[in-house]
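Nothing in this text is a laboratory measurement; each read-out follows from the coordinates by a stated rule. It should be emphasised that the depicted structure is a prediction, and the values quoted were computed from it without experimental measurement. Every residue, glycine as well, gets a Cβ built from its backbone with ideal geometry; the counts of neighbours run over all protein chains shown.
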Amino acid sequence: MTWPEVRDLDLDRTVALLPLGAVEAHGPHLPLSTDRIIAQAMVEDGARRLASDGLAPLMLPPVDYTAAGFAANFAGTVSIRPETATALLVDIAAAVAGWGIRFLALANAHLDPIHLGSIYAAIKEIRAHGELTVIFPDITRKPWALRLSDEFKSGACHAGQYEGSVILERRPDLVRDTIRRELSPNPKSLSTAIRQGLDSFEAAGGPDAYFGDPASATAVEGQATIGALGAILAEAVLQHVEI
């Protein structure tokens, strides 16, 4: 879009959608940008649903950099301080509010607990200003988590069947498929590791930065997962926005 097109938006119908990803290791078979690809797919599907319901979704460019401490020891990972990630979200929200937009929905695909904490800290600060309604369907929590795959709910879902399926559907050219097909399942649960106070993929039992079953990923499952994520985003928005 051009700036005049943004200036002339129908503010009564506009909802800004912000994909939140990361740059971090996703096994030897998926790209470092996996979380951003998933978040953007969630936004694109959610935007389609919101448009069909009469809203005007505004898809913002994704945020790629954030705290990624669990993968910090793997080459290619870029992990920034959580307070930097929080400040970035607060500043983006201030800019969006300055355009006159009243609703900002966050579509997050990066599940590092420090990153999630930075999001909640940003939401608290943004809400304190009172200019913008922030909508955040946290897929690690109920009811949203219950609508995703069995692997996701197991917690063994980093670069496995759940994430790999979305990348196979969206960007199969970025998948090292020969490697993916040869990987053995890793059933270690990241969510359990987090509850135990562990703070790295290695400590959690993922020496190659993947959890779950990469070889079982399919584009068909990826399409279904994108639909589920898009529906979650759209429903969360519609809970806050009157049409």
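Near the amide H of A56, under 5 Å away, which other amide H atoms are found, from residues 5 or more places off or on another chain, if H is placed in the peptide plane?
Hits under the 5 Å cutoff: T14, V15.
What is the Cα centroid distance between the stretch 152-224 and the stretch 17-79, reported in whole angstrom?
16 Å
Please give the FRET efficiency for T192 paired with H129, using the beta carbon to beta carbon distance and R0 = 30 Å, rounded to the nearest 0.05.
Using R0 = 30 Å, I get an efficiency of 0.20.
Just to confirm the filter: which GluC sites (Glu not before Pro) across the stretch 214-243 are DSSP coil and have at most 14 other Cβ within 10 angstrom of their Cβ?
On the way: sites: E221, E235, E242; in loops: E242.
Within the stretch 214-243, the qualifying GluC sites (Glu not before Pro) (loop, at most 14 other Cβ atoms within 10 Å) are E242.
Could you list V134, V96, V6 so that the one with the fewest beta carbons within 10 Å of its beta carbon is first and the one with the most is last? Show your work: numbers first, answer last.
Numbers: V134 20, V96 23, V6 14.
Ascending Cβ contact count within 10 Å gives the list V6, V134, V96.
Which residues does the label zone of I179 cover in the stretch 66-100, counting backbone N under 12 Å from a point 7 Å along Cα→Cβ?
75-76
Which far-off residues, 5 or more places away or on another chain, put their amide H under 5 Å from the one on K188, with H placed in the peptide plane?
Here the answer is G212, since their amide H atoms fall under 5 Å of that of K188.
From the backbone phi of the stretch 41-46, what are the Karplus-calculated ³J(HN,Hα) couplings (6.51 cos²θ - 1.76 cosθ + 1.60, θ = phi - 60°) in whole Hz, Gly and Pro given as x?
So the J values, rounded to whole Hz, are 5, 4, 5, 5, 5, x.
Relative contact order (percent) for the chain, with alpha-carbon contacts under 8 angstrom and 6 or more residues of separation?
Relative contact order comes out at 25 percent.
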